[in-house]
1. Which residue, of Glu68, Glu64, Glu43, is in contact with a Leu (Cβ under 8 Å, 6 or more places away or on another chain) and among the acidic types (Asp, Glu)?
2. Which is modelled with pLDDT under 80 and surrounded by 10 or more Cβ atoms within 10 Å (Cβ to Cβ), of Val22, Val26, Val16?
3. As an exercise: evaluate Ile36 against (1) out of contact with any helix residue (DSSP H, G or I) (no Cβ under 6 Å at 6 or more places or on another chain); (2) surrounded by 10 or more Cβ atoms within 10 Å (Cβ to Cβ) and give the number of the one condition it does not meet.
4. Starting from residues that are touching a residue at least 40 places away in the same chain (Cβ under 8 Å) and among the charged types (D, E, K, R), keep the ones in the stretch 35-61 and report whichever is farthest from Leu7 (Cα to Cα).
Amino acid sequence: MKVLELLDELDEIIEVASSVPVVRKVMVDPNEITEIVKEIRLELPDEIQQAQWIKNERTRILDEAKAEYESILEEARQKAEQMVEQDEITIKAKQRADEILRIARENSQVMKMSILDYTDSMLYNLQEKIDQLYGVYFTDMYDELQGTFEKINANIDASRGEVKEQIYKTQMEKAE
């Protein structure tokens, strides 16, 4: 690259130039420096264009490579999904899962029917027990209650008989 060579030449001129003591300055031939700067300016556009082209080309190549990479990756992903879907193990696993679900539904239905049958049986037994208790206790209570009412009526009749007898005696005493 010609620009770099020219810059190296400027460095060399500065190194070999005579220096002014204490101020750290060097004396150079202005014509010589001006001539090198002109050459740099002439060379620079081509070098910059070439560098820009290289940079643009590098970016383009990287973008193409990235796009190709993503395309290959997507294609591989789709192919893998397709292979998994078509794989015999996947197909058998899906069939087995469907079979397990079917059996689970059947078992659930059987269990539900068993629970309902058991519940109905328990309610039937309870109903029979209540009918038995009704028959035993209600009949006994009814008989006892009927006996109590009969005793009460008998007592009332006896009491009325005594009251009538007292009324009769009182009327008889009045008549004497």
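The values are calculated or read from the model by the stated rules, or taken from the named source; none is laboratory data. Keep in mind that this is a model prediction, so the values were computed, not measured. FYI the Cβ positions are ideal-geometry reconstructions off the backbone, even for glycines, and counts take in every protein chain you see.
1. From the options Glu68, Glu64, Glu43, the qualifying one is Glu43.
2. Just one listed residue meets the conditions, Val26.
3. Against the list (1) out of contact with any helix residue (DSSP H, G or I) (no Cβ under 6 Å at 6 or more places or on another chain); (2) surrounded by 10 or more Cβ atoms within 10 Å (Cβ to Cβ), Ile36 comes up short only on (1).
4. Glu47
Residues are listed down the side, and each one gets a yes or a no for (1) among the acidic types (Asp, Glu); (2) part of a helix (DSSP H, G or I); (3) surrounded by 10 or more Cβ atoms within 10 Å (Cβ to Cβ); (4) free of Cβ contacts under 8 Å to residues at least 60 places away in the same chain:
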residue: Leu73; (1), (2), (3), (4): no, yes, yes, yes
residue: Ala76; (1), (2), (3), (4): no, yes, yes, yes
residue: Lys79; (1), (2), (3), (4): no, yes, yes, yes
residue: Ile89; (1), (2), (3), (4): no, yes, no, yes
residue: Lys92; (1), (2), (3), (4): no, yes, yes, yes
residue: Glu99; (1), (2), (3), (4): yes, yes, yes, yes
residue: Ala104; (1), (2), (3), (4): no, yes, yes, yes
residue: Asn107; (1), (2), (3), (4): no, yes, yes, yes
residue: Lys112; (1), (2), (3), (4): no, yes, yes, yes
